[in-house]
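J.: Structure in structure tokens, see below.
The values are calculated or read from the model by the stated rules, or taken from the named source; none is laboratory data. All values reported here derive from a predicted model rather than from experimental measurement. Cβ atoms come from the backbone with ideal geometry, glycine included; neighbour counts cover every protein chain shown.
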Amino acid sequence: MFNNIPKSIQDRMDWLRKKDSTDRLDRSTKVKRLRQIPAETGKFLAMMAIGAPKGTFLEVGTSGGYSTLWLSLACREIGTKLHTHEIDEDKFNLAAQTFKAAEVTDMIVQVLGDATKNLSAYNEIAFCFLDTDKEFYQSCYDTVIPRMCSGGILIADNAISHQEELQPFIDRVHLDDRVDALVVPIGMGELVCRKI
């Protein structure tokens, strides 16, 4: 999977990394930063996703589509699609350009809008990656977990980098007897939950 990343995907990943780095340095711009995951987190997500059971694959927070590209590698390997949700129209449009340039539109279903209002439409969820505004993590989790199949995996980003803000959420997850959970020190820290 990682040894034969298609050039179209690698090129777009490189472009997004460069764009994110440039936007981070240019504080005068009004562009909303992409705030992408590190490549090591992308690899971790793809490895976790490829081992998930059969079912629906979700992402909450598409941004420019960088993490989605990593997840598309797993989706192609196992023959499924990723439903990715983004509330910001500019980021949604940028992600659409990303998926076209990377030639992965057949693996991706883009959803524009508030994911907290759309997640209840899914059942038999096998994999979910949360990387949105941290205030929405709990409501997304509360909607996804009851709809997740046994063995399904939910991963929430920034468990270490935003620990103070997310600690109440993380504590509640650790007390939830529907899942096994731990924080993995990769990238910005990933809260990994497996549905029992």
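J.: Give me the residue from segment 113-125 that is of a type in the set (A, V, I, L, M) and surrounded by fewer than 23 Cβ atoms within 10 Å (Cβ to Cβ) and, out of that set, farthest from Arg194 (Cα to Cα).
T.: Restricting to residues being of a type in the set (A, V, I, L, M) and surrounded by fewer than 23 Cβ atoms within 10 Å (Cβ to Cβ), the top hit is Ala121.
J.: Moving to a separate point now. From the set of residues in segment 77-105 that are surrounded by fewer than 18 Cβ atoms within 10 Å (Cβ to Cβ), touching a residue at least 24 places away in the same chain (Cβ under 8 Å) and of a type in the set (D, E, K, R), which is nearest to Met47 (Cα to Cα)?
T.: Taking the candidates together, the pick is Glu77.
J.: Give me the pairs, please: first residue somewhere in segment 2-17 and over 12 Å from Gly64 (Cα atoms) and among the hydroxyl-bearing types (Ser, Thr, Tyr), second residue anywhere and assigned to a helix (DSSP H, G or I) and at pLDDT 95 or above, beta-carbon distance under 9 Å, and either six or more positions apart or on two chains.
T.: Ser8/Ala101
J.: Okay, moving on. Would a scan of segment 73-84 turn up a residue that is closer than 17 Å to Val173 by Cα and β-branched (Val, Ile, Thr)?
T.: Within segment 73-84 (the criterion being closer than 17 Å to Val173 by Cα and β-branched (Val, Ile, Thr)), the answer is no, since none of the residues qualifies.
J.: With (1) at pLDDT below 95; (2) at positive phi as the list, and Glu124 as the residue in question, which single condition is left unmet?
T.: All conditions pass for Glu124, except number (1).
J.: Then there is this: Within segment 133-162, work out how many residues are over 20 Å from Met188 (Cβ atoms), surrounded by fewer than 22 Cβ atoms within 10 Å (Cβ to Cβ), touching a residue at least 24 places away in the same chain (Cβ under 8 Å) and among the small types (Gly, Ala, Ser).
T.: Here the count works out to 2.
The rows are residues; the columns are (1) within 21 Å of Phe2 (Cβ to Cβ); (2) among the aromatic types (Phe, Trp, Tyr).
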{"site": "Lys54", "(1), (2)": "no, no"}
{"site": "Cys75", "(1), (2)": "yes, no"}
{"site": "Leu82", "(1), (2)": "yes, no"}
{"site": "Ala95", "(1), (2)": "no, no"}
{"site": "Phe99", "(1), (2)": "yes, yes"}
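J.: Can you tell me which residue within segment 52-64, out of those that are touching a strand residue (DSSP E or B) at 6+ places or on another chain (Cβ under 8 Å) and assigned to a loop (DSSP other than H, G, I, E, B), is surrounded by the fewest Cβ atoms within 10 Å (Cβ to Cβ)?
T.: Selected residue: Lys54.
J.: Right, next: Quick one: in segment 165-196, which of the residues that are touching a residue at least 24 places away in the same chain (Cβ under 8 Å) and among the charged types (D, E, K, R) is surrounded by the most Cβ atoms within 10 Å (Cβ to Cβ)?
T.: Glu190
J.: Here is a further query. Name the residue, out of Gln10, Gln110, that is farther than 26 Å from Lys195 by Cα and out of contact with any Gly (no Cβ under 7 Å at 6 or more places or on another chain).
T.: Gln10
J.: Restrict the check to segment 122-132 and report whether at least one residue is out of contact with any strand residue (DSSP E or B) (no Cβ under 6 Å at 6 or more places or on another chain), in contact (Cβ under 8 Å) with a residue 24 or more places away in the chain and under 19 Å from Pro53 (Cα atoms).
T.: Within segment 122-132, one or more residues are out of contact with any strand residue (DSSP E or B) (no Cβ under 6 Å at 6 or more places or on another chain), in contact (Cβ under 8 Å) with a residue 24 or more places away in the chain and under 19 Å from Pro53 (Cα atoms).
J.: Out of all the residues in segment 66-102, which are under 14 Å from Phe127 (Cβ atoms) and among the hydroxyl-bearing types (Ser, Thr, Tyr)?
T.: Matches in segment 66-102: Ser67, Thr68, Ser72, Thr80, Thr84.
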